[in-house]
Amino acid sequence: MIATPTVLHATGPTTPVRSDMVSAWLTDLKLDWSPVLGGARHRRLVKDETLFLEGEAADSVFLILEGRVRLTSFGYDGKERHLMILGRNGLVGDCALPASAHYAVSAVAATDAEVAAVPSGRLLGLLAEQPALGAQHRTLAGMRFRILLRHVAVQGANSSRRRVCLHLLDLVNSYGAPHRAGSVITITFTQQEMGSICGLSRVSVSHIFTALEREQVITRAGRLVVIVDRARLEALARS
């Protein structure tokens, strides 16, 4: 068992994250990107608006100030695959730099969002000049790599219900806090986001959530999800 670095925890008490369990949602990061914000151009996005497309020239890197952005990629079969969802203080558009001058993935607003556009060359220069900033960037890059590895593993699950349960476990491990009914996931997420990450429709996720609530595996606390029976959730994720 290893713990996630403190800077990557959501606000409030959380459960330690196993090295093989990390949430596809990466948000509310305790990271300081203020050195890169000087002169950055701010841009507002509406939900489902494309920020950049895979293969386009990577002239800017984007710091997420508000809202969430999902990263996607297209396979050889032409199908779009949703990789992860990044929120406040996440960075997108830097994955292939400096090896490639083109974006390695596409970025689309998962919610209404605001981002700061930083010229790619300027970011690379600051990372080289400021060791602390460079170390922070490597920490974030490492977390995103772990998310991709976990995503590949979860997508190999042979049922839609199992994939949803695995992602719920990852969320409670990354953002869990004690609750009178069990453990509450302290960040909000939509059924559409869960569907995108799992390769399912929103309706399919809704049916799975309804079944889990009926079986008293999960419940709701306002807009948050509470894991009531973690042992049962783990059993469903294994089965």
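The values are calculated or read from the model by the stated rules, or taken from the named source; none is laboratory data. Not measured: the values here are computed from a predicted model. All Cβ positions, glycine included, derive from the backbone under ideal geometry; neighbour counts span all protein chains shown.
If the condition is being crowded, with 16+ Cβ neighbours inside 10 Å and modelled with pLDDT under 95, then the range 195-213 contributes Gly195, Ser196, Ile197, Cys198, Leu200.
Take the residues of the range 226-239 that are of a type in the set (A, V, I, L, M) and in contact with a helix residue (DSSP H, G or I) (Cβ under 7 Å, 6 or more places away or on another chain): which is modelled with the lowest pLDDT? Top of the filtered list is Ala237. Scanning the range 104-129 for residues that are assigned to a loop (DSSP other than H, G, I, E, B), at pLDDT below 95 and not β-branched (Val, Ile, Thr) yields Ala104, Ala110.
Against the conditions (1) touching a strand residue (DSSP E or B) at 6+ places or on another chain (Cβ under 9 Å); (2) assigned by TED's automatic domain parsing to the domain that holds Glu66; (3) of a type outside the set (Phe, Trp, Tyr); (4) farther than 19 Å from Trp25 by Cβ, Arg144 satisfies every one except (4). Regarding Ala110, is this residue aliphatic (A, V, I, L, M), surrounded by 20 or more Cβ atoms within 10 Å (Cβ to Cβ) and either over 27 Å from Thr186 (Cβ atoms) or not assigned by TED's automatic domain parsing to the domain that holds Ala211 (or both)? Answer is yes for this residue.
So which residues in the range 74-91 are hydrophobic (A, V, I, L, M, F, W, C) and either closer than 18 Å to Phe189 by Cβ or not assigned by TED's automatic domain parsing to the domain that holds Leu63 (or both), if there are any at all? Residues satisfying the conditions are Leu83, Met84, Ile85, Leu86.
Quick one: would you say Arg44 is at pLDDT 90 or above and surrounded by fewer than 14 Cβ atoms within 10 Å (Cβ to Cβ)? Answer is yes for this residue.
Table: residues versus (1) surrounded by fewer than 20 Cβ atoms within 10 Å (Cβ to Cβ); (2) of a type outside the set (D, E, K, R); (3) in a loop (DSSP other than H, G, I, E, B).
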| position | (1), (2), (3) |
| --- | --- |
| Asp48 | yes, no, yes |
| Phe62 | no, yes, no |
| Leu65 | yes, yes, no |
| Thr72 | yes, yes, no |
| Asp77 | yes, no, yes |
| Arg81 | yes, no, no |
| Asp94 | no, no, yes |
| Ala99 | yes, yes, yes |
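Taking Ala101, is it in contact (Cβ under 8 Å) with a residue 12 or more places away in the chain and among the aliphatic types (A, V, I, L, M)? When the stated conditions are applied, Ala101 passes them.
One line per residue, one yes/no per condition, for (1) farther than 15 Å from Leu91 by Cα; (2) in contact (Cβ under 8 Å) with a residue 12 or more places away in the chain; (3) in the same structural domain as Gln130 (by TED's automatic domain parsing):
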site: Ser23; (1), (2), (3): yes, yes, no
site: Gly39; (1), (2), (3): yes, no, yes
site: Arg44; (1), (2), (3): yes, yes, yes
site: Asp48; (1), (2), (3): yes, yes, yes
site: Leu53; (1), (2), (3): yes, yes, yes
site: Asp59; (1), (2), (3): no, yes, yes
site: Ile64; (1), (2), (3): no, yes, yes
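When Ala107 is tested against (1) in contact with a Gly (Cβ under 7 Å, 6 or more places away or on another chain); (2) touching a residue at least 60 places away in the same chain (Cβ under 8 Å), only condition (2) is not met. Of the residues making up the range 157-206, those that are within 23 Å of Lys47 (Cβ to Cβ) and part of a strand (DSSP E or B) number 1.
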